[in-house]
1. Please pick out the residue among GLY182, GLY201, GLY189 that is assigned to a loop (DSSP other than H, G, I, E, B) and touching a helix residue (DSSP H, G or I) at 6+ places or on another chain (Cβ under 8 Å).
2. Restricting the search to the range 89-116, which residues are touching a residue at least 60 places away in the same chain (Cβ under 8 Å) and surrounded by 19 or more Cβ atoms within 10 Å (Cβ to Cβ)?
3. For the range 137-154, indicate whether the set of residues that are among the acidic types (Asp, Glu) and within 18 Å of the chain's Cα centre (by Cα) is non-empty.
4. How many residues are touching a residue at least 40 places away in the same chain (Cβ under 8 Å) and under 17 Å from MET247 (Cβ atoms) when one looks only at the range 22-46?
5. Just to be sure, is TYR58 of a type in the set (Ser, Thr, Tyr), in contact with a Ser or Thr (Cβ under 6 Å, 6 or more places away or on another chain) and closer than 30 Å to ILE195 by Cβ?
6. Looking at (1) over 18 Å from the mean Cα position of the chain (by Cα); (2) surrounded by 13 or more Cβ atoms within 10 Å (Cβ to Cβ); (3) of a type in the set (Ser, Thr, Tyr); (4) modelled with pLDDT under 95, which is the only condition THR16 fails?
7. Going by the structure shown, is THR167 of a type in the set (Ser, Thr, Tyr), surrounded by fewer than 16 Cβ atoms within 10 Å (Cβ to Cβ) and modelled with pLDDT under 95?
8. Considering the range 216-257 alone, what residues qualify as being in a loop (DSSP other than H, G, I, E, B) and either among the polar types (S, T, N, Q) or surrounded by 18 or more Cβ atoms within 10 Å (Cβ to Cβ) (or both)?
Amino acid sequence: MTREELIKEWKEEEKTAHIKGWDFSHIEGRSESDEDLPWDYEKLIRRYLRSDMRILDYDTGGGEFLLSLGHPYELTAATEGYPPNVELCKKTLIPLGIDLKACSDPSDIPFENDYFDMVINRHGSFDPAEIKRILKPGGIFVTQQVGDMNDRELVEMVLPDAPMPFTGQNLTVQKKAFEDAGFLIEEAGECRRPIKFYDIGAFVWFARIIEWEFPDFSVDDCLDKLLLMQEKLEKEGVIEGRIHRYMLAARKPEEKG
């Protein structure tokens, strides 16, 4: 392609960058992320999950993962804060009998004290004190999180001065936060894994979707850097960064009797 054709293609990707739920099929085959983590989030949850537990999926996204657990609907609740996903969940979760509440403040979750046996959270916000409030004594919080170094190599290719959006989102800091809140740590882990792009258009789409990591990114403002990435891609066949993930399973202590 000529330079002009590439730029036109990138701008088309920029225009079409939108997402429902958490669906990255648009760039399937044009990028890949190594999600072969040292743990399996679903298996981690199932180690603690029993069929009689009342559970909450905080920041459920489109509810896809929650439904995959097959937990009794009458014992299942979910929150979501992103308005398009709230509307999606109203159509998919509420008719099943799942208790859905719109919530965008992890420090003010609209459920009673000591209500849940388990709270799960994948890549959503959380507040240890609020989680402790809504968990029953002996209840457990299980989370997999995106760490503060996620995609930083990629961000710095186009926005070298961009601040880290979630400083402190790493296992060392968050493990201590839960311990300070009175939780007992059952399991914990952290890792970095490669993320690869095989065309710059896919990267443009991705950067527009992950706007909190790539603040104010646009093809026009980052054009020179995108062209340098294109040169690198043509030489090496890939643009590569690293994802950052950590997991934590923390239990609220039983009440002393």
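The values are calculated or read from the model by the stated rules, or taken from the named source; none is laboratory data. It should be emphasised that the depicted structure is a prediction, and the values quoted were computed from it without experimental measurement. When we count neighbours, we look across all protein chains shown, and the Cβ atoms used for this are built from the backbone with ideal geometry, even at glycine.
1. Numbers: GLY201 fails: assigned to a loop (DSSP other than H, G, I, E, B); GLY189 fails: assigned to a loop (DSSP other than H, G, I, E, B).
Answer to the selection: GLY182.
2. PHE116 - this is the single residue of the range 89-116 that is touching a residue at least 60 places away in the same chain (Cβ under 8 Å) and surrounded by 19 or more Cβ atoms within 10 Å (Cβ to Cβ).
3. Of all residues in the range 137-154, those among the acidic types (Asp, Glu) come to 148, 151, 153.
If we keep only those that are within 18 Å of the chain's Cα centre (by Cα) as well, we get 148, 151.
Within the range 137-154, one or more residues are among the acidic types (Asp, Glu) and within 18 Å of the chain's Cα centre (by Cα).
4. Residues meeting the conditions: 10.
5. Values: of a type in the set (Ser, Thr, Tyr): yes; in contact with a Ser or Thr (Cβ under 6 Å, 6 or more places away or on another chain): yes; closer than 30 Å to ILE195 by Cβ: yes.
In short, yes.
6. (2)
7. Details: of a type in the set (Ser, Thr, Tyr): yes; surrounded by fewer than 16 Cβ atoms within 10 Å (Cβ to Cβ): yes; modelled with pLDDT under 95: yes.
In short, yes.
8. First pass over the range 216-257, keeping only residues in a loop (DSSP other than H, G, I, E, B): 216-222, 237-238, 252-257.
PHE217, SER218, VAL219, CYS222, LYS252 - these are the residues of the range 216-257 that are in a loop (DSSP other than H, G, I, E, B) and either among the polar types (S, T, N, Q) or surrounded by 18 or more Cβ atoms within 10 Å (Cβ to Cβ) (or both).
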